[in-house]
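*Asks:* Could you have a look at this structure, given as structure tokens, before my questions?
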Amino acid sequence: MSRYNRTRVISKKEYLYRVGGVIAMIAILTVSLPKGGYNKYEYRIGEPWDDAQIIAQDSFPIYKSEAQLKRESDSLRNYYEPYFEFKNAIYEKQAERLKEAFKTLPGDGVPAYYLSHLLEKLRHLYQQGIVETEDYDVLRKENTLQVWFFEKNESQPRYVKQLYTEKTAYEYMMAEEDSVHYNHGKLLRCGLEKYIQPNLVYDAVKSMQQRQEIDAQLVPYIGQVQVGQKLVDHGQIVDEYTYCVLQSMERFQQNRSMSNTEKLLQLGGQIVYIAIMLILLLFYFEQFRSDYLASPRTVLLVVCLCILFPLVTYALMSHSLMSVYVIPYCILPIFIRVFMDSRTAFITHILSILTCAVALHHPYEFIVTQLVAGLVAIYSLRQLSQRSELVRSAALVTITTLVTYFCIELLHGSPYSSNGFDRWTYIYILLAGVLSLLSYTLLMPIERIFGFTSNVTLVELSNINNTILRRLSEEAPGTFQHSMQVANLAAEVANRIGAKSQLVRTGALYHDIGKLENPVFFTENQSGTNPHDNLPYEQSAQIIIQHVRNGLRLADKYRLPSVIKGFISTHHGRSLAKYFYVSYKNNYPDKEVDERMFTYPGPNPTTLEQAILMMADSIEAASRSLSEYTEESLNSMVDRIINDQISSGYFTQCPISFLEIADAKEVFKTKLRTMYHTRIQYPELTGK
């Protein structure tokens, strides 16, 4: 059985959580799926038709394009002539007022003969028509050439340029070519603006009737499509007429209402399809990676990624924004590979792509190109040790996707001419490659949010120039050397039995950082004087045990990842500080021992890597106390220590097998023989 798939009892509460989570994901994705019983295509005038041949399934009219309709509508508007009610009584009223005013104006120096002249000009103004300034501006803006006056049952046309506004009418009244007989100053005294008032009132009802009659002359369609007629073929250039035909087809399909039965069948198909994808994903984790289901952060990351990309895909398809090839789907397998494993990344990517493909019209090319891209992303990150490798992976994914899509085009027989080259899809793939670089910038935030630790971070933490490791080398050099040796031993074992070598190496470097608080109390840092000689065994044991708690406090201070804290807390497990425990028992045989005073806080190892570190730590420390380094003594020490750990039950909570323990023993023995081999003695030069 895989160490990732340990059998455990699932509680009823956890079972309900899983069922509820799957139902919630099905609901979210189903609601987001593009609705409607018609297809939406992507096409542009002047570019080749990239989809399959389309044959008309129904008869429908071919509507003119929006641009053509606008041109024809603008042309017909030249014939639009609004109606104004002509009020002749206004002239008569204003003329009478002017006559009354002239009974007193001659006394102010205005000659009496001005009256007949001004009445004639006033009559001309009201005969031509005076309109409100706002109405006149509208007429000019709409390029209206002519309007109609009506009074009672009679109407007559008038050119717009012949009309006056209150401003232009006043200017006309004040303007005089005969300045000898009509003085401008005397005209000002007449107050002519008081006798100018609009006598044309816009009639909205009659004008709207006239506009509707004009608009009725606009024919919105240019032809008719018959059932069985070929609309467009693959590779055909979309001209303006074909564009109108395709637009008319989509308009007809959109307006054709689906029956309730059709809607229910469509909804049922969507629900069942998405449910199959999600249940397959759940079954994969249940059968092959059940430990991931026990980790909320892992489940949350997988759920977020598996929902995000289908939702973005559905949104693009629903609103016809752009091609789905612009979405960097390779980010999903990259993150799953970095934080989990390759198999999970591949399975998750497949099911996510299939979930996205249900919204596409022609999913074959999409599925093939994205699966190939996902495989390349997984393969290229097999040994991720630097963040820059994500850039290399993004470049490889982009190149592979371009080549794969081009090969599919060739297999489908696309023409090699410029008209047959679908350049937009290649542009979208390049843009997706650029967007996939987001994996580089998002790696650290994902680690912080979900609590993961990538190999890149582990490599960076392994740098001995980091602050805490540099402190360890300077303040506790013996402990630092011990940690380095343990890291090398543990990494060798991890490589042999298929564990995470970089993880256990980094954990080994930090497992004893708690000794920085009291370095002289640990034998590897002592140089002659042992401070334990003057302390009770219980107190000495507590000082030694305290380095685990001190290590966890330092880990919090330096913000080390939780996975490193796990190595600090478990490298002694629930074992005893045996030297002081045995010494106490030997010196006080009659006293009952409180084992809690000599027991490490634990817990025992729960992962394969933690078990490896516990073995390596104990073996490296014990190897320093051997009186002689022979093959027999080293082998005996390794067997004794590991067998004692097994019998004490320290490995019962971690997924390590007896075969892996046997392999670990062989690695330890081989490495120790190499480390402590006896050098040959060089001969002395004898004189002659």
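The values are calculated or read from the model by the stated rules, or taken from the named source; none is laboratory data. Just so we're clear, the structure is a prediction, and the values are computed from it rather than from any experiment. Every residue, glycine among them, receives a Cβ derived from its backbone with ideal geometry; neighbour counts consider all protein chains shown.
*Asks:* Of everything in the stretch 429-450, what is polar (S, T, N, Q) and surrounded by 14 or more Cβ atoms within 10 Å (Cβ to Cβ)? Give them in sequence order.
*Replies:* Once the filter is applied, which keeps residues that are polar (S, T, N, Q) and surrounded by 14 or more Cβ atoms within 10 Å (Cβ to Cβ), the stretch 429-450 yields S436, S439.
*Asks:* Still on this structure: Give just the number: which of (1) closer than 15 Å to I196 by Cβ; (2) out of contact with any strand residue (DSSP E or B) (no Cβ under 6 Å at 6 or more places or on another chain); (3) in contact (Cβ under 8 Å) with a residue 24 or more places away in the chain; (4) not hydroxyl-bearing (S, T, Y) does P111 not satisfy?
*Replies:* (1)
*Asks:* If E666 satisfies every condition in (1) modelled with pLDDT of 90 or more; (2) not assigned by TED's automatic domain parsing to the domain that holds L503; (3) not small (G, A, S) but one, which is the exception?
*Replies:* Result: E666 fails condition (2) only.
*Asks:* Quick check on the stretch 624-637. Is at least one of its residues touching an Asp or Glu at 6+ places or on another chain (Cβ under 9 Å), in contact (Cβ under 8 Å) with a residue 12 or more places away in the chain and assigned to a loop (DSSP other than H, G, I, E, B)?
*Replies:* Step one: filter the stretch 624-637 for residues touching an Asp or Glu at 6+ places or on another chain (Cβ under 9 Å), giving 624.
With in contact (Cβ under 8 Å) with a residue 12 or more places away in the chain added as a condition, the list becomes 624.
With the extra rule that they be assigned to a loop (DSSP other than H, G, I, E, B), the set shrinks to 624.
Scanning the stretch 624-637 turns up at least one residue that is touching an Asp or Glu at 6+ places or on another chain (Cβ under 9 Å), in contact (Cβ under 8 Å) with a residue 12 or more places away in the chain and assigned to a loop (DSSP other than H, G, I, E, B).
*Asks:* Here is a follow-up. Return a yes/no flag: does the stretch 230-243 have any residue that is touching a Gly at 6+ places or on another chain (Cβ under 7 Å) and not aliphatic (A, V, I, L, M).
*Replies:* Yes, the stretch 230-243 contains a residue that is touching a Gly at 6+ places or on another chain (Cβ under 7 Å) and not aliphatic (A, V, I, L, M).
*Asks:* Here is a follow-up. Looking only at the stretch 461-501, filter to residues that are of a type in the set (A, V, I, L, M, F, W, C) and not in a helix (DSSP H, G or I); which one of those is nearest to K671 (Cα to Cα)?
*Replies:* This residue is A499.
*Asks:* Is one or more of the residues making up the stretch 577-585 in the same structural domain as V548 (by TED's automatic domain parsing), surrounded by fewer than 15 Cβ atoms within 10 Å (Cβ to Cβ), β-branched (V, I, T) and not in a loop (DSSP other than H, G, I, E, B)?
*Replies:* Looking through the stretch 577-585, at least one residue is in the same structural domain as V548 (by TED's automatic domain parsing), surrounded by fewer than 15 Cβ atoms within 10 Å (Cβ to Cβ), β-branched (V, I, T) and not in a loop (DSSP other than H, G, I, E, B).
*Asks:* If you don't mind, another one. I want to confirm something. Restricting to the stretch 488-508 and keeping residues that are of a type in the set (A, V, I, L, M, F, W, C) and either in contact with a Pro (Cβ under 9 Å, 6 or more places away or on another chain) or closer than 19 Å to L552 by Cβ (or both), which single residue is modelled with the lowest pLDDT?
*Replies:* Selected residue: L503.
*Asks:* How about the stretch 451-467: which of its residues are surrounded by fewer than 17 Cβ atoms within 10 Å (Cβ to Cβ) and of a type in the set (A, V, I, L, M, F, W, C)?
*Replies:* Scanning the stretch 451-467 gives V459, I464.
*Asks:* Going through Y80, Y114, Y164, Y91 one at a time, which residue ends up being more than 28 Å from L188 (Cβ to Cβ) and surrounded by 18 or more Cβ atoms within 10 Å (Cβ to Cβ)?
*Replies:* Y80
*Asks:* Of a type in the set (S, T, Y) and under 50 Å from the mean Cα position of the chain (by Cα): which single residue out of S540, S501, S527 fits that description?
*Replies:* Being of a type in the set (S, T, Y) and under 50 Å from the mean Cα position of the chain (by Cα) holds for just one of S540, S501, S527, which is S501.
*Asks:* Please work out if H412 is under 30 Å from A275 (Cα atoms) and modelled with pLDDT under 80.
*Replies:* Considered against the rule, which asks whether it is under 30 Å from A275 (Cα atoms) and modelled with pLDDT under 80, H412 comes out as no.
*Asks:* Do you know which of the residues in the stretch 669-688 that are surrounded by fewer than 10 Cβ atoms within 10 Å (Cβ to Cβ) and of a type in the set (A, V, I, L, M) is modelled with the highest pLDDT?
*Replies:* The qualifying residue modelled with the highest pLDDT is L685.
*Asks:* Might you let me know whether the stretch 388-396 holds any residue that is at pLDDT below 90, closer than 22 Å to T453 by Cα and out of contact with any helix residue (DSSP H, G or I) (no Cβ under 7 Å at 6 or more places or on another chain)?
*Replies:* yes
*Asks:* Of the residues T401, T298, only one is under 20 Å from L280 (Cα atoms), under 21 Å from the mean Cα position of the chain (by Cα), assigned by TED's automatic domain parsing to the domain that holds Q266 and among the β-branched types (V, I, T); which?
*Replies:* It is T298.
*Asks:* Any residue at all in the stretch 600-623 that is at pLDDT below 90, of a type outside the set (F, W, Y), in the same structural domain as Y650 (by TED's automatic domain parsing) and surrounded by 19 or more Cβ atoms within 10 Å (Cβ to Cβ)?
*Replies:* Within the stretch 600-623, one or more residues are at pLDDT below 90, of a type outside the set (F, W, Y), in the same structural domain as Y650 (by TED's automatic domain parsing) and surrounded by 19 or more Cβ atoms within 10 Å (Cβ to Cβ).
*Asks:* What's the number of the condition G573 fails, among (1) part of a loop (DSSP other than H, G, I, E, B); (2) farther than 22 Å from I656 by Cα; (3) in contact (Cβ under 8 Å) with a residue 60 or more places away in the chain?
*Replies:* Condition not satisfied by G573: (2).
For every residue, the table says whether it meets (1) part of a loop (DSSP other than H, G, I, E, B); (2) small (G, A, S); (3) within 20 Å of A621 (Cβ to Cβ).
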| site | (1), (2), (3) |
| --- | --- |
| E524 | no, no, yes |
| Q539 | no, no, no |
| I543 | no, no, yes |
| R553 | no, no, no |
| D556 | no, no, no |
| R559 | yes, no, no |
| S569 | no, yes, yes |
